[in-house]
Each structure stands twice: as structure tokens, then as C-alpha cells.
């Protein structure tokens, strides 16, 4: 099974290789995309009637928030504190924007839905954030300069990988400590057990700039592949680089 | 060595926050100074490294204790960064990362999926992931 839909403003690609899943798994795949659309409606800061927007306008009290949004905001606060304020979903002069955490968290939940429905060998890719199960899967990391090239290939059996970069939307990740765009890195890729962690850590480390490399690398269970502002790669020893079967370009 | 020095600075800048080193206004400067005045020592110094020059950074005092970084060069390239001294603190000793420096490569390969900041639909259309999805 291979399905692609646009949800939350980006393409979401689902591939399930389990035998017989086409017949039995269609409803599970439907549930995955329905969940992601629900997340968009409830947690998008760009929708005026979302829970996030209503909370931001003061129409909802903290105690009135759903368990899901409370969990997301707790994660945001955790990473704000852990990065010394570099990662901040409440930047001065801007509305509450927890998108960076919502994305990884919601796609991880989608992967959990698939697993609960019996899928074992699948890969779910939401705008470049990948949750994988039952590998080995070969995951390429987009080259920060050349869109049609990869800068590395990693092998993932069960786990997640996320990349933060500024090659596409420009300087959209702000260092909350300075209020200015984070420009210290070209690209930051993090491998972790869950996409909730991989995506949050990749974005938070990117916001920190060069020092985010060491910070992310020091987190237990996180493997890092970073390209710094000068185009130098720094990666952790345990980053799961795939066996060479590539052709140099 | 000219090109390598900023990387040393960068590596140290990246490692130091592990000890929650709170730099004052001049914090970055002091890190830079420590890194740009390394005392080079022969590679026979520590472990049985195969080849390359081993450079020890100056010890930096943090509020958790002294920190010293060792960088191994192969020519102008850093091949390994290692902590020689680290504060004896259970929270931090377990979390010391070893970073490997490499040259950025542009490659093509047979892959199942692509990780990247593919957020907009226009960029997706031209992406490798779109090609993979189109293949079905």
C-alpha cells in the first residue's frame, strides 16, 4: 500500500509493506489521515477557531485544555527550558505557535495507530519527518544545498528521523534568546526512538545554532547528523549510516 | 590548520553547554581563546591512534568543573573530538557525546524515503520523495 495526501499543509506519504494489508488496512490508513486532519483543525495556529488560537486569545483557561494540547505544551516548555530559551513557541510579538512539536508528536501518534491496527513493516513520511517500523529502511537525508541530492543515507529498523533546515522556507526558525533567525546550521538531522523526540530535538537544536550539535548529541538515545554554516558535517559516532551502495555524484 | 580552527571552536561551543556552562557577556570570547591557543602535542600522547595529529585544547573551567577537549586531525580535517576532562557529575558523564567531523558529500542512492525540510507543496513536487511516491 502506498498513499500520499496533503495534510497540515505538507505532503504525507504512507507505505505499508505487510502482506494482505491492502485489504484489511485501508481503514487503518484512513484513520491515520483522519487523525492528521483532526490535528490540523484542533492545533493549527493559522485557524482562528482552533484550540491553540482560542487558548492564545484567552478564551480557554489552561485547565480547560484537552489532554493532547496540555501534553504538547508541556513538551514545548520542556524544550524551552532545555535549550536555555533558544526554542520558544511564545516569541515576543507573535502568537503561540507549537507547530514544531505538534508535527512530530502527531505523526508519531499516527504511526502508533498503524501499529495498533496490526501494521508491522511501514514507513510514514510527513513533510520529511519519518517514522519507520519493521525495517531495514534506507532513509536519505536531503542535501542542504542541492535539492536533488542526498548528504547521507541512514538505515532505520524501528524508529524515527527528522531534519530541520532553512533551505526551503528560509530563516523561519527563530533563536528565542536573540529573537533573530537561527543561521548557525545549514541542516540538523536527528534519529530517535520516537518522532516526537526526533522532530522536537532537531528543531530545538537548529534554533540553538552551532552549540545545538553538542546539545542534541548529548541527549540519550539521540543520534545526530549536522551540517554547520561552513558546510562541515559533524555527526555522532552512533549515527546509523547505511552501507555504501551509492554512487558519488 | 586555518580552516580547522573554527570547527574546534564550534565543537567546544557545542560541548560546553552539556555542563550548563553559563557564559557571561564574554563567555564566547573566552571559549574562542581557549580553542585558538591549543597546545599541540605529538600523537604518541594518548591512545594508540592510527594516524593524525592530536591537539589538546586548553582546560576550561565551568561551574561543574574543568572541561578539556582533544581534537584529532588528519591533515586539515578533524577526524574525532574527545573529552579529556569532564566534570565528575553523574548527569553529565553519561551524556558526553563523541562527534565525528566529515566533509559534506552530495550523493545519489537507492533509498526508500527522504528526510528533509520538505514543507511546501511546490518544493515537494521537485523533491526526491515525490519521485519515490510517483513510482508507487
Region A:148-189 and region A:76-131 have their Cα centres apart by a whole-number Å value of 14
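What 222 nm value per residue comes from the helices of chain A, counting each DSSP H run with n ≥ 4 as -39,500 (n - 2.57) and dividing by all residues, nearest 500 deg cm²/dmol? Mind dumping the intermediate values first?
Details: 7 runs with 83 residues, N = 249.
For chain A, the value works out to -10500 deg cm²/dmol.
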Averaged across the residues of A:138-151, what count of C-beta atoms belonging to other chains lies within 10 Å of each residue's C-beta? 6
So how far apart, in nm, are the two label points at residue A:193 and residue A:6 if each is 7 Å from Cα heading toward Cβ? 3.7
Expected integer from the mean partner chain Cβ neighbour count at 10 Å over A:106-114 is 0
What is the gain in length, in nm to one decimal, between residue A:237 and residue A:71 on full extension, counting 0.36 nm per residue of separation less the C-alpha to C-alpha distance? 56.6 nm
List A:1, A:208 from most exposed to least, where exposure is judged by having the fewest other Cβ atoms within 10 Å. A:1, A:208
Take peptides A:20-26, A:85-91, A:192-198, A:113-119 and line them up by average Cβ neighbours within 10 Å, highest first, as a rough protection proxy. A:192-198, A:85-91, A:113-119, A:20-26
Chain A: relative contact order from alpha carbon pairs under 8 Å, six or more residues apart, as a whole percent, is 16
Give me A:17, A:148 ranked fewest to most by other Cβ atoms within 10 Å of their Cβ, as a rough exposure proxy. A:148, A:17
State, to one decimal in nm, how far the label point of residue A:46 lies from the label point of residue A:146, with both points 7 Å from Cα in the Cβ direction. 3.1
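Quote the relative contact order of region A:1-98 in percent (integer), defining contacts as alpha-carbon pairs under 8 Å separated by 6+ residues.
Here the relative contact order equals 16 percent.
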Looking only at region A:6-41, which residues have a backbone nitrogen under 18 Å from a spot 7 Å from the Cα of residue B:134 in the C-beta direction? A:6, A:11-14
State, to one decimal in nm, how far the label point of residue A:120 lies from the label point of residue A:61, with both points 7 Å from Cα in the Cβ direction. 5.0
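Would you mind giving the mean number of other chain beta-carbons within 10 Å of the Cβ of each residue in A:153-159, as a whole number?
Numbers: counts 7, 2, 1, 3, 0, 0, 0.
Counting Cβ atoms of other protein chains within 10 Å of each residue's Cβ and averaging gives 2.
On full extension of the chain, what length is gained from residue A:244 through residue A:177, given 0.36 nm per residue of separation minus the C-alpha to C-alpha distance? Provide the component values of the computation, followed by the final result.
Working: separation 67, 0.36 × 67 = 24.12 nm, distance 4.02 nm.
This chain segment gains 20.1 nm when fully extended.
Starting with the fewest neighbours, write out A:152, A:189 ranked by other beta-carbon atoms found within 10 Å of each beta-carbon.
On the way: A:152 25, A:189 30.
Neighbour counts put them in this order, fewest first: A:152, A:189.
We did not get these values from a lab; they are worked out from the coordinates using the rules stated. Predicted model, so just to flag it, every value in this text is computed and none were measured. Using ideal geometry, Cβ is built from the backbone for each residue, glycine included, and neighbour counts are taken over all protein chains shown.
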